[in-house]
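Before any comments, here is the structure.
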Amino acid sequence: MSLRPSAWSACRTNRWCRNCCARPCRSSRTQRCRECRNPTKFEAAYDAILFAALAVFAAQGYRITAAQGHHRIALEGLVGSIGGSQLLLDELDGLLSIRNEKYTGFATVRAPDMRLALEHARRIHDDTSHWLREHFPGMLKP
């Protein structure tokens, strides 16, 4: 099972959510970094999306385990929680597929895929922050 109740205290969860979601998305910084290559930017954007999903689960008292398919479960839960569309879920699933290809050794991150990942990271950061403020107002700094 990829989802289990978290043993974290409310205090640790609050601190974790503040650290994860209250700051600007790391991917926006990497976009300005001219030395960063597309795969690096893509990874940063994907990680920002995944961390947003983890924050949503942590806020609700759950954590994602390392079981098979845990990234997909995290992304599905994120989209469901923030009220995202099926199109968003499909696009995030596509980003997950690109991310997973790196393990085959044949991964190539095209510029349009990198831009899509960065756009989604920014949007999900904003949507997750809004969702946390609405459902768990004490978790984020004002």
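Could you list, in sequence order, all residues of region 97-119 that are touching a residue at least 60 places away in the same chain (Cβ under 8 Å), surrounded by 15 or more Cβ atoms within 10 Å (Cβ to Cβ) and not charged (D, E, K, R)?
Matches in region 97-119: Val109, Met114, Ala117, Leu118.
Checking the conditions here, which among Gly83, Gly94, Gly69 is touching a Ser or Thr at 6+ places or on another chain (Cβ under 7 Å) and either basic (Lys, Arg) or surrounded by fewer than 16 Cβ atoms within 10 Å (Cβ to Cβ) (or both)? Show your work before the answer.
On the way: Gly83 fails: touching a Ser or Thr at 6+ places or on another chain (Cβ under 7 Å); Gly94 fails: touching a Ser or Thr at 6+ places or on another chain (Cβ under 7 Å).
On inspection, the qualifying residue turns out to be Gly69.
Please verify whether Met139 is surrounded by 12 or more Cβ atoms within 10 Å (Cβ to Cβ), touching a Leu at 6+ places or on another chain (Cβ under 6 Å) and of a type outside the set (Ser, Thr, Tyr), treating the condition exactly as stated.
Working: surrounded by 12 or more Cβ atoms within 10 Å (Cβ to Cβ): yes; touching a Leu at 6+ places or on another chain (Cβ under 6 Å): yes; of a type outside the set (Ser, Thr, Tyr): yes.
Taking the combined requirement at face value, the residue satisfies it.
Collect the residues in region 115-142 that are aliphatic (A, V, I, L, M) and in contact with a Ser or Thr (Cβ under 9 Å, 6 or more places away or on another chain), keeping them in residue-number order.
Step one: of region 115-142, the residues aliphatic (A, V, I, L, M) are 116-118, 121, 124, 132, 139-140.
Of everything in region 115-142, those that are aliphatic (A, V, I, L, M) and in contact with a Ser or Thr (Cβ under 9 Å, 6 or more places away or on another chain) turn out to be Ala117, Leu118, Ala121, Met139, Leu140.
Any idea which of Thr30, Thr13 is touching a Cys at 6+ places or on another chain (Cβ under 7 Å), modelled with pLDDT under 95, in a helix (DSSP H, G or I) and among the hydroxyl-bearing types (Ser, Thr, Tyr)?
Details: Thr13 fails: touching a Cys at 6+ places or on another chain (Cβ under 7 Å).
Answer to the selection: Thr30.
Given the criterion buried (at least 18 other Cβ atoms within 10 Å of the Cβ), touching a helix residue (DSSP H, G or I) at 6+ places or on another chain (Cβ under 9 Å), closer than 16 Å to Leu116 by Cβ and of a type in the set (Gly, Ala, Ser), identify the matching residue among Ala48, Ala74, Ala59.
Working: Ala74 fails: closer than 16 Å to Leu116 by Cβ; Ala59 fails: closer than 16 Å to Leu116 by Cβ.
None of the others qualify; the one that does is Ala48.
The values are calculated or read from the model by the stated rules, or taken from the named source; none is laboratory data. As the structure is a computational prediction, the values presented were derived from the model and not from experiment. Heads up, the Cβs are rebuilt from the backbone with ideal geometry, glycines too, and the neighbour counts pull from every protein chain shown.
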